[in-house]
Amino acid sequence: MASIKLLLANDKVEGIRYYEAYRKHGGYTAVEKALKTLTPDEVTEEVKKSGLRGRGGAGFPTGMKWSFLAKPEGIPRYLVCNADESEPGTFKDRYLMEFIPHLLVEGMIVSSYALGANTSYIYIRGEYAWIVNILEQAIAEAKQNGWLGKNILGTGFDHEIYVQRGAGAYICGEETALLESLEGKRGNPRIKPPFPAVKGLWDSPTVVNNVETIAAVVPIMNHGAEEYAKIGVGRSTGTKLISACGNINKPGVYEIDMTISVEEFIYSDEYCGGIPKGKRLKACIPGGSSVPIVPANLLFKTAKGETRYMNYESLSDGGFETGTMMGSGGFIVFDEDQCVVRHTMTLAHFYNHESCGQCSPCREGTGWMYKILKNIEYGKGKMSDIDLLWDIQRKIEGNTICPLGDAAAWPVAAAIRHFRDEFEWHVTHPEECLTRNFGLAHYADERLIPA
Ligand SMILES: Cc1cc2nc3c(=O)[nH]c(=O)nc-3n(C[C@H](O)[C@H](O)[C@H](O)COP(=O)(O)O)c2cc1C
């Protein structure tokens with residue numbers, strides 16, 4: 001099927017990073033259309049009709065989120081763009097901001113107009129330092145050309161965008177921790193409710209949206225909500241950016257129509273291009289490190305035997321027992337030589353390091369899981385450790401202020417659920433744990449997909 005490009009239609013055009021080329025290729029027509037021909041409520045209505053869902057991970061309907069925004073008289077409202085992108089395996093927002101920064105700026109202006117926000121912020125992960133300069137240049141160019149500032153296009157709408165760098169904390173991607181950090185405080189998540197739509201940045205009504213979500217508002221304006229909603233399937237409308245990495249021939253950022261199958265995405269030359277060296281496929285984490293790992297035998301077909309597609313509904317078919325999640329679209333592929341125990345240990349280390357420490361189940365539980373996984377991985381584990389790990393993750397999930405606890409628990413649960421024998425093998429083969437390379441294909445055979 002011919003691929004549909006909405007966000008990356010012009011990413012290879014020379015100079016598209018700069019205003020002149022961006023404008024020449026249709027840039028800022030979405031601002032013109034929204035500000036000159038639609039009221040803010042009509043823009044929100046279009047976004048609702050488009051079926052756009054948040055691309056930051058949770059997939060919450062964007063238009064609905066916008067309509068929750070409180071609008072008390074005399075109190076400013078804010079749009080905050082979540083460009084923290086710290087989820088392991090996810091690097092799609094980086095691509096968008098680095099190569100087509102004006103798409104985000106344009107989306108910010110249209111979205112802010114819909115929300116009645118005169119000030120908006122792009123909160124970007126600290127490690128993306130060089131992209132801050134790219135964004136600031138794009139904002140300056142937009143301002144020079146009359147798309148930002150006072151009385152934009154003579155409509156009476158004023159708007160300014162500011163870029164704020166984070167300081168390297170994954171937790172600051174959680175929207176309320178992000179707001180704390182933006183206010184200059186330690187990035188601890190807030191207890192909800194109140195939700196940011198009522199009490200957000202500096203206690204004012206605030207919408208927090210992902211980079212890709214905000215950028216998608218531009219094609220929705222340009223093509224119309226109805227045309228946008230025709231792309232994709234069911235409640236997975238429009239296109240989705242996927243950052244693909246791991247054991248694939250062509251790692252990179254791809255824009256997909258959410259009707260393609262997972263098999264096509266992995267093996268077609270247009271996307272991942274298959275597994276290197278003709279190796280077999282063992283497993284995949286399709287939505288960033290927090291979502292459950294799925295063994296290859298459940299990746300191309302659901303438990304019901306139906307084809308699995310690259311969309312929200314199909315990827316989660318079967319729940320956590322046999323399915324997974326679309327998440328943020330960080331697609332990580334494992335070939336037959338990868339060790340699930342080692343991988344789970346690495347992730348547990350990450351979540352333990354990134355836990356803000358406010359909630360005991362997360363603060364203590366993530367460290368405890370990492371310690372046990374390290375023991376198992378290095379041949380010092382006991383069989384009872386596997387059940388202990390299971391119990392700990394159960395006690396973290398749902399028992400913390402923010403979903404970082406869930407994000408730490410799910411990878412451990414899925415690894416044990418699908419690859420328990422691999423954990424047991426580590427316990428019964430302590431010597432090999434220290435000396436082998438991590439080729440473990442021999443005991444996961446029934447789950448492998450041949451090249
Ligand atoms: C620990 C943690 C990290 C997160 N990191 C990000 C992130 O880097 N980028 C992002 O857009 N959303 C992230 N989220 C989700 C945000 O809290 C929020 O749901 C999202 O920014 C909303 O935007 P959307 O509706 O456009 O998806 C994270 C959530 C958690 C719990």
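With 10 angstrom as the radius, rank K282, K24, K71, K395 by how many other C-beta atoms surround their C-beta, starting from the fewest.
Numbers: K282 27, K24 12, K71 9, K395 15.
Ascending Cβ contact count within 10 Å gives the list K71, K24, K395, K282.
List the DSSP H helices in the chain whose Cα atoms stretch 20 Å or more along the helix axis and whose mean Kyte-Doolittle hydropathy is at least 0.5. If you can, show how the numbers build up before the last one.
Details: long enough: 101-115 (21 Å, 1.09); 129-144 (23 Å, 0.40); 340-354 (21 Å, -0.34); 360-377 (25 Å, -0.65); 383-396 (21 Å, -0.08); 404-428 (32 Å, -0.03).
Span-like helices here: 101-115.
Subtracting the Cα-Cα distance from 0.36 nm times the residue separation, let me have the gained length for A167 to N151 in nm, one decimal. Show your work: numbers first, answer last.
On the way: separation 16, 0.36 × 16 = 5.76 nm, distance 3.42 nm.
Here the segment from A167 to N151 would lengthen by 2.3 nm.
So, counting K/R as plus one and D/E as minus one, what does the shell of residues with Cβ under 15 Å around F91 add up to? Walk me through the intermediate numbers first.
On the way: positive: R55, K92, R94, R125, K240, K250; negative: D11, D84, E85, E87, D93, E98, E127, E212, E255.
Cβ neighbours under 15 Å give a net charge of -3.
Would you please classify the overall shape of the range 293-348 from the alpha carbon gyration tensor, given that a ≥ b ≥ c denote the square roots of the eigenvalues, rounded means a/c under 1.5, and beyond that prolate means a/b larger than b/c while oblate covers the rest? Show your work: numbers first, answer last.
Numbers: a/c = 2.04, a/b = 1.61, b/c = 1.27.
Judged from the Cα gyration tensor, the range 293-348 comes out prolate (a/c at least 1.5, a/b above b/c).
List the pair-distance distribution P(r) of the chain, using every Cα-Cα distance, as the percent of pairs falling in each 20 Å bin from 0 up to the bin containing the longest distance, rounded to whole percents.
Pairs per bin, as whole percents: 25, 55, 19, 1.
Amide H of N210 versus every other amide H placed in the peptide plane: which residues, excluding those fewer than 5 positions away on the same chain, fall under 5 Å?
R55, G56, N82
Test of understanding: ordering T44, T119, T37 by Cβ neighbours within 10 Å, fewest first, what list do you get?
Details: T44 22, T119 17, T37 10.
In increasing order of surrounding Cβ atoms, one gets T37, T119, T44.
Which three extents, in angstrom, do the Cα atoms of the range 340-447 have along their principal axes, listed largest first?
41, 25, 22
I'd like the Karplus ³J(HN,Hα) series for the range 299-308: coefficients 6.51, -1.76, 1.60, θ = phi - 60°, whole numbers in Hz, and an x wherever there's a Gly or Pro.
8, 8, 10, 6, 4, 7, x, 8, 4, 9
Add +1 for every Lys or Arg and -1 for every Asp or Glu among the other residues with Cβ under 14 Å from the Cβ of T307, and state the total.
Numbers: positive: K301, K304, R308; negative: E263, E264, E306, E313, D317.
The answer is -2.
For N247, list long-range residues whose amide hydrogen, built 1.01 Å from N in the peptide plane, is under 5 Å from its own amide hydrogen.
Under 5 Å from the amide H of N247: V333, F334, D335.
How large is the charge dipole for the range 19-231, taken about the Cα centre, if only the Cβ atoms of Lys, Arg (+1) and Asp, Glu (-1) carry charge, to the nearest 20 debye?
Details: 23 positive and 26 negative charges, 47 e Å.
It works out to roughly 220 debye.
To the nearest µm²/s, what D does Stokes-Einstein give for the range 52-117 at 37 °C and 0.692 mPa s, using the Kirkwood radius over alpha carbon pairs as Rh? Before the final figure, lay out each step's value.
On the way: Rh = 13.5 Å.
Translational diffusion coefficient: 243 µm²/s.
Within the range 310-353, whose backbone N sits under 18 Å from a point 7 Å along Cα→Cβ of R420?
320-323, 340-341
Give the residue from T90, F68, G187 lying farthest towards the positive end of the charge dipole for the range 19-231; charges sit on Cβ (+1 for Lys and Arg, -1 for Asp and Glu) and the dipole is referred to the Cα centre.
After comparing all options, I get F68.
Tell me, C362, C339 in order of fewest to most beta-carbon neighbours within 10 Å?
Values: C362 28, C339 22.
The fewest-first ordering by Cβ neighbours comes to C339, C362.
Treating only the Cβ atoms of Lys and Arg (+1) and Asp and Glu (-1) as charged, compute the dipole magnitude of the chain about its Cα centre; round to the nearest 20 debye. List each step's numbers first, then the result.
Values: 48 positive and 56 negative charges, 76 e Å.
Roughly 360 debye for the chain.
Return the calculated 222 nm mean residue ellipticity for the chain, to the nearest 500 deg cm²/dmol, obtained by summing -39500 (n - 2.57) across DSSP H runs with n ≥ 4 and dividing by the residue count. Let's see the in-between values first.
Details: 18 runs with 190 residues, N = 451.
Calculated mean residue ellipticity at 222 nm is -12500 deg cm²/dmol.
Take the alpha carbon gyration tensor of the range 19-231, find the square roots of its eigenvalues, order them as a ≥ b ≥ c, and report rounded if a/c is under 1.5; if not, report prolate when a/b exceeds b/c, else oblate. Don't jump to the answer; show the numbers that get you there.
Values: a/c = 1.37, a/b = 1.19, b/c = 1.15.
Rounded, since a/c falls under 1.5.
Taking square-rooted eigenvalues a ≥ b ≥ c of the alpha carbon gyration tensor, is the range 1-145 rounded, prolate or oblate, where a/c under 1.5 means rounded and, failing that, a/b exceeding b/c means prolate? The partial results should precede the final answer.
Numbers: a/c = 1.36, a/b = 1.27, b/c = 1.07.
Taking the square roots of the gyration eigenvalues as a ≥ b ≥ c, the range 1-145 is rounded.
The numbers here are math on the coordinates, done by the rules we state, and not lab data. Everything quoted here is computed from the prediction, not taken from an experiment. Heads up, the Cβs are rebuilt from the backbone with ideal geometry, glycines too, and the neighbour counts pull from every protein chain shown.
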